[in-house]
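Peer 1: One structure is given below, represented as structure tokens, and several questions about it will come after.
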Amino acid sequence: MQPKHRGQWATNLGFILAAAGSAVGLGNIWKFPGKVGENGGAAFIIVYLAIVLILGYTVMLTELTVGRATQKNTVGAFRQLDRRFTWIGVLGVITGFFVLSYYSVVGGWVMKYIVTYLTGGDFGLSHEGYFNQFIAKIGEPVGWHLLFMAIVVLVVLKGVSGGIEKVGKVFMPALFLFLILIAIRSLTLDGAQEGIRFLLRPDFSSLGVKGFAAALGQAFFSLSLGMGVMCTYGSYLPKNENLSKSALIICGLDSLVALISAAAIIPAVFSTGADLGMGSGFAFISLPGIFEKMPAGYFFGLLFFIMLFFAALTSAISILEGTVAFISEEFRIKRATAAIASAAAMALAGIGYSLASGAVNLRAPWFDFVNGWHMISLATWMELLTDNLLMPLGGLAFCIFAGWMWGVKNAVAEVEQGGKFKFYLKTMFSVSLKYICPAAIVIILFFTVGLGIG
Ligand code: PHE
């Protein structure tokens, strides 16, 4: 298909907001604070930020560059640059399938909380009990999940700049402001000091290699990397876009939101004495607890979950967009048909995640060198498979392809078409793309499988 038939971002700001909208999502607010809690606090945060800067930035810029150079969906992009690497695009589409299937389930939980607040905000005896009882149901969470997926399809069908840019422009600044307010309240709760210490005083002994693997997976998930989403978004960019700067802004914004959500959630977890190992339930348990202790907290809670919904929506949209661009361009199928068919398949897989989160003991086989083949919860399996295996593998493939096959020279030349590529960024990118990224990802992946993460 000719580039002129494809959508393009209406404005530069529209692109940044959409890409940041893809990055900022449940990963920052639902996953990140949980990972910080499980992996020892400050030390994890430091490793995470280093990974974002060195590996995340490089993979982000590589994806945007490959996309813009070819102006094609991820599969088409690789086919055009080097046929032998088409599989990297296909791997991305497969990863996206699993990610969106479970992402939509959690998006459904957010909708449930909006309705809970709308109907009086009654959480019964405890926030923890409320959440655990809800996810252990069969029909209700599945229903919310299907509704969430349907909304994602509707927005994607409105096309690139029409649907996605508009949503991004409104919610992003608002979410930011809100998180800061919540963080202030959380940091001033009784007993928050303990949590603040946890966030500021690094204790590397509690991190371990598992912490590194978790940080890598989290970074890829949070920055929407390794599955061609950023590549697809880059393909809708005009040549005059300054990619090196855009990538920096997106990585920066995403990390900022993650840090603020940790500052909002962790002190509250300490203040209520909740279990740090509980992980990703924090957002649904600790946050309502903070709102309860705020003036007009009911109203805050409602608005917050509405914003979280939009954050999740813009991320989900980006995943489906990658798949739809692939199917509609490669097989010449209508966008509408492609969107509905792929979302339906993802929704089906998501039902498995929803049930495995509490109602039914669904399990799947997982392999590592310590435990060999063993069964783990299907819900954990889906997250491990994508965050800790497929996304880093996809990122690795992008780096090896761009660094060694397409060539650093070509990549840099494409970046420079859009304006200045600062010397230190260019140097870091070139070295990182070719050597540091592939080596670091291989090592961390090795330990993921070698040490039995999960
Ligand atoms: N980055 C998104 C988040 O943090 C999730 C996502 C992953 C979006 C992969 C697109 C691709 O919520």
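Just so it is clear, none of the values below were taken in a lab; they were calculated from the coordinates. Every value quoted in this text rests on a predicted model; they were computed, and no experiment measured them. All Cβ positions, even for glycine, are placed from backbone atoms using ideal geometry, and neighbour counts span all protein chains on display.
Peer 1: How much FRET efficiency would the formula 1/(1 + (r/R0)^6) give for Asn132 and Met428, where r is the Cβ-Cβ distance and R0 is 41 Å, rounded to 0.05?
Peer 2: The computed FRET efficiency comes out at 0.35.
Peer 1: Order the peptides 368-374, 409-415, 217-223 from the highest to the lowest mean number of other Cβ atoms within 10 Å of their residues.
Peer 2: 217-223, 409-415, 368-374
Peer 1: Each residue of the stretch 201-217 in turn: what ³J(HN,Hα) in whole Hz from Karplus with 6.51, -1.76, 1.60 and θ = phi - 60°, glycine and Pro shown as x?
Peer 2: Going residue by residue, I get 9, x, 10, 5, 5, 8, 8, x, 5, 4, x, 4, 4, 5, 5, 5, x Hz, with x marking Gly and Pro.
Peer 1: Do you know the relative contact order of the stretch 3-450, to the nearest whole percent, from alpha carbon pairs under 8 angstrom that are 6+ apart? The partial results should precede the final answer.
Peer 2: Working: 751 pairs, mean separation 149.7, N = 448.
Averaging sequence separation for qualifying contacts and normalising by length gives 33 percent for the stretch 3-450.
Peer 1: Using a Förster distance of 35 angstrom, determine the FRET efficiency expected from the C-beta separation of Leu177 and Lys420, and round it to 0.05. Don't skip to the answer; put the middle values down first.
Peer 2: Working: r = 32 Å, r/R0 = 0.90.
Step by step, r from the Cβ atoms, then E = 0.65.
Peer 1: How big is the gap, in Å, between the Cα center of the stretch 74-147 and the Cα center of the stretch 377-423?
Peer 2: Using only Cα atoms, the two centres lie 23 Å from each other.
Peer 1: Say the cut-off is 31 Å between C-alpha atoms; which of Lys112/Lys158; Lys166/Lys239; Lys35/Lys137; Lys137/Lys158 go over it?
Peer 2: Values: Lys112/Lys158 25 Å; Lys166/Lys239 22 Å; Lys35/Lys137 25 Å; Lys137/Lys158 33 Å.
Listed pairs above 31 Å: Lys137/Lys158.
Peer 1: Among Leu445, Phe331, Leu147, which residue has its Cα positioned farthest towards the positive end of the charge dipole of the chain, with +1 placed on the Cβ of Lys and Arg, -1 on the Cβ of Asp and Glu, and the dipole taken about the Cα centre?
Peer 2: So the residue we want is Phe331.
Peer 1: Under 5 Å between amide H atoms, partner at least 5 residues away or on a different chain: which partners does Ile376 have, H built in plane at 1.01 Å?
Peer 2: The list, which skips near neighbours in sequence, is Ala364, Trp366.
Peer 1: Report ³J(HN,Hα) in whole Hz for each residue of the stretch 93-109, in order, from the Karplus equation J = 6.51 cos²θ - 1.76 cosθ + 1.60 where θ = phi - 60°; Gly and Pro get x.
Peer 2: For the stretch 93-109, the Karplus curve yields 5, 5, 4, x, 4, 5, 4, 5, 4, 8, 4, 5, 5, 5, x, x, 4 Hz.
Peer 1: Projecting each Cα onto the charge dipole of the chain (Lys/Arg +1, Asp/Glu -1 at the beta carbon, about the Cα centre), which of Ile436, Ile114, Ile46 comes out farthest on the positive side?
Peer 2: Checked the options; the winner is Ile436.
Peer 1: Quote the Stokes-Einstein diffusion coefficient, in whole µm² s⁻¹, for the stretch 343-448, based on the Kirkwood radius over alpha carbon pairs, a temperature of 37 °C and a viscosity of 0.692 mPa s.
Peer 2: On the way: Rh = 16.6 Å.
For the chosen part, D equals 198 µm²/s.
Peer 1: What fraction, in whole percent, of alpha-carbon pairs in the stretch 3-450 exceed 31 Å separation? Display every interim value, and only then the final one.
Peer 2: Details: 36760 of 100128 pairs.
So the portion of pairs separated by more than 31 Å is 37 percent.
Peer 1: If each Cα of the stretch 388-428 is one equal point scatterer, what is log10 of I(q)/I(0) from the Debye formula at q = 0.22, 0.24, 0.30 Å⁻¹?
Peer 2: Here log10 of I(q) over I(0) equals -0.77, -0.84, -0.96.
Peer 1: Karplus couplings for the stretch 310-323 from phi (6.51 cos²θ - 1.76 cosθ + 1.60, θ = phi - 60°), rounded to Hz, Gly and Pro as x?
Peer 2: These are the phi-based 3J(HN,Hα) values: 5, 4, 5, 4, 5, 6, 4, 4, 5, 5, 5, 4, x, 5 Hz.
Peer 1: Additional query: Per residue of the chain, what 222 nm ellipticity follows from adding -39500 (n - 2.57) for every DSSP H run with n ≥ 4, rounded to the nearest 500?
Peer 2: Working: 21 runs with 309 residues, N = 454.
Value at 222 nm, helices only: -22000 deg cm²/dmol.
Peer 1: Now for a separate question. Which number comes out as Rg/Rh for the stretch 34-182 once both Rg and the Kirkwood Rh are worked out on C-alpha atoms?
Peer 2: Working: Rg = 19.8 Å, Rh = 19.3 Å.
In the stretch 34-182, Rg relative to Rh is 1.03.
Peer 1: I've got another one for you. What nm distance separates the two modelled labels at Ala341 and Val209, each placed 7 Å from Cα along Cα→Cβ?
Peer 2: It is 4.4 nm.
Peer 1: Rank by packing, highest mean first: peptides 402-408, 266-272, with packing defined as the count of other Cβ atoms within 10 Å averaged across residues.
Peer 2: With the highest mean Cβ count within 10 Å placed first, the list reads 266-272, 402-408.
Peer 1: Give me the Kirkwood hydrodynamic radius of the stretch 1-81, using the inverse of the mean 1/r over all pairs of distinct Cα atoms, in Å to one decimal. If you can, show how the numbers build up before the last one.
Peer 2: Numbers: mean 1/r = 0.0656 Å⁻¹.
About 15.2 Å for the stretch 1-81.
Peer 1: For the stretch 258-369, what is the convex hull (Cα atoms) projected area averaged across all directions, in square nanometres? Walk me through the numbers before you get to the answer.
Peer 2: Details: hull surface 44.3 nm².
Average of the hull's projected areas for the stretch 258-369 equals 11.1 nm².
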